[in-house]
Amino acid sequence: MNQVPQWRLQGDWFDVCKCDIPCPCYFAQAPTYGSCDGTLVWHIREGRYGDVVLDGLNVLALGAFTGNIWAGGTKAAMGVFFDERADERQRAALQAIFTGQAGGWPKGFAELIGEMRGMEFAPIEFDVDDDLESWSARIPGRVEARAEALAGPTSLPGRRVQVHNPAGSEVGPGTVATQGVSVADRAEGFAFQWDRSGQSSKHMRFDWSGPDEP
């Protein structure tokens, strides 16, 4: 894929991680316990890579890092699962975008990765409520990531706890993060393994395009 076509992806992203609520990482601070590991999920609602349609496809990553990832002194280790439903052209497009080769925001995000532990194709199940009451993703036998929107004694019914313009957004500038709490966070793959609940989760929507202007 030497010639990168015009492309655009719009969709949902969320994570579940080991940090306490709220995860300091999306405030561009060091993780709660000095290091962080967790699951990151992207669901493409609408996507085009040139004439390749990417609607409905999913990507899921397991990752870990130590220190403040946004301060420039550390990088993450990561392994990536791509949606096995993708055909050959869709697989090539997804890999070009999510490895940063196609430019746009993913190029900058890829620069935060210091160790790529592998890439696989797998059945990725994804679900998100329209009102953001809950969100989830699953790879049978490998990954289970489920979260519910955070609520408390003074949060208004039907109104989500949100951060506008987060300082350390994994999907790029100018987004809105809805805070959640994990009810299931289990993963095994790429030499990562954990099983916990009750920690931080957050949902954001993304809108990316590329390649970058010369």
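Just so it is clear, none of the values below were taken in a lab; they were calculated from the coordinates. This is a predicted model, so every value here is computed, not measured. FYI the Cβ positions are ideal-geometry reconstructions off the backbone, even for glycines, and counts take in every protein chain you see.
Selection within segment 173-184: residues that are of a type in the set (Ser, Thr, Tyr) and assigned to a strand (DSSP E or B). The member of this set that is farthest from Arg85 (Cα to Cα) is Thr178.
In segment 30-58, the qualifying residues are those that are under 20 Å from Gln193 (Cβ atoms) and of a type outside the set (Val, Ile, Thr), and the one that is surrounded by the fewest Cβ atoms within 10 Å (Cβ to Cβ) is Gly34. Condition check: of a type in the set (S, T, N, Q), part of a strand (DSSP E or B) and closer than 16 Å to Arg138 by Cα. Does Gln193 satisfy that? Yes. Screening segment 129-172 for strands (runs of 3 or more DSSP E) wholly inside it with 2 or more residues that are of a type in the set (D, E, K, R) and buried (at least 16 other Cβ atoms within 10 Å of the Cβ) returns the ranges 143-149.
Restricting attention to segment 173-187 and to residues that are touching a Ser or Thr at 6+ places or on another chain (Cβ under 8 Å) and polar (S, T, N, Q), the residue that is surrounded by the most Cβ atoms within 10 Å (Cβ to Cβ) turns out to be Ser182. If the condition is being in contact with an Asp or Glu (Cβ under 9 Å, 6 or more places away or on another chain) and in contact (Cβ under 8 Å) with a residue 60 or more places away in the chain, then segment 33-50 contributes Gly38, Thr39, Leu40, Val41, Trp42, His43. Scanning segment 108-128 for residues that are part of a loop (DSSP other than H, G, I, E, B) and crowded, with 18+ Cβ neighbours inside 10 Å yields a single hit, Ile124. The residues in segment 188-209 that are of a type in the set (Gly, Ala, Ser), over 13 Å from the mean Cα position of the chain (by Cα) and either buried (at least 22 other Cβ atoms within 10 Å of the Cβ) or at positive phi (or both) can be counted, and the count is 4.
Against the list (1) in contact (Cβ under 8 Å) with a residue 40 or more places away in the chain; (2) under 22 Å from Asn165 (Cα atoms), the condition Gly72 fails is (1). Between Ala92, Ala76, Ala86, Ala61, the distinction of being over 20 Å from Lys202 (Cα atoms) and surrounded by 18 or more Cβ atoms within 10 Å (Cβ to Cβ) belongs to Ala86 only.
A Cβ distance below 6 Å, combined with a sequence gap of six or more or placement on separate chains, defines the contacts here; from segment 10-21, residues that are within 12 Å of Arg196 (Cβ to Cβ) and touching a residue at least 12 places away in the same chain (Cβ under 8 Å) reach residues that are surrounded by 24 or more Cβ atoms within 10 Å (Cβ to Cβ) and charged (D, E, K, R) in the pairs Val16/Asp185.
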